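A short worksheet on the structure shown next.
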Amino acid sequence: MQQLDPKSVWLFFFNFVLRSLVPMIFLSIWGSALFLGGFDESLNNGNEVSFGFLNSFWVVIPAYLILCFIWAKLTYRFYRYELIDSGFRKESGVIYKKYVTIPYDRIQNVDIHRGIIARLLGLSDLNIQTAGFSATVSRYGVGGAGAEGRLPGTSREVAEKLRDELIQRARQSKNQGL
């Protein structure tokens, strides 16, 4: 089985950090509100104000970034794919493993998507759309039309070669039955 491009570690890292940015901002505001409530009490009592939360903030953020990078490395390590005789096969997951095999005769379309972070890193996402797969179900609910097979973090050249190979094998498998 083949692995993704090594630069995909950074793609996973930035995605993890950006996805968790909103919860981090919320927690920061909540923590500040708790601090300001304690700040008002200490002023009323004439006590000295403690800024201990700022000291812990400078420890939490680097620790969080290190954990995101470790998780990105693990995600990269356990993300593999291959083209076998019967179809496209992919496995992923660090804690919960996911195994997907897409038969060539079900492949309808193969798209290449390059987001801003992926373009900066010289990477592409390969999206394999299949017959009968009209909605994407994820932990966030049911989304719109999506790709059953998504291969993030491949180099531009590999993505284009895979796209061409998948389309060719899909055509061959559909012509064999006639």
### Task
Take Thr154, Thr130, Thr101 and order them by how many other Cβ atoms sit within 10 Å, fewest up front.
Thr101, Thr130, Thr154
### Task
Quick one: what are the phi-derived ³J(HN,Hα) couplings along region 165-175, Karplus 6.51/-1.76/1.60 with θ = phi - 60°, whole Hz, x for glycine and proline?
5, 5, 5, 5, 5, 5, 5, 4, 5, 6, 7
### Under Karplus coefficients 6.51, -1.76 and 1.60, residue-wise ³J(HN,Hα) of region 72-83 in Hz, glycine/proline x
5, 4, 5, 4, 4, 4, 9, 9, 9, 8, 6, 9
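Note down the net charge around Ala147, summing +1 for each Lys or Arg and -1 for each Asp or Glu among other residues with Cβ under 10 Å from its Cβ. List each step's numbers first, then the result.
Details: positive: Arg150; negative: Asp111, Asp125, Glu148.
Once all neighbours under 10 Å are counted, the net charge is -2.
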### Query
Hey, which lysines would be in cross-link range of Lys73, C-alpha to C-alpha under 19 Å, not counting anything within fewer than 8 residues on its own chain?
Lys7, Lys90, Lys97, Lys98
#### Entry: Packing-based exposure ordering (other Cβ within 10 Å, fewest first) of Trp71, Trp58
Trp58, Trp71
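Values in this text are rule-based calculations from the coordinates and carry no lab data. None of the values given here were measured: they were computed from a predicted structure. Don't worry about glycine lacking a Cβ; one is built from the backbone with ideal geometry, like all the others, and counts go over all protein chains shown.
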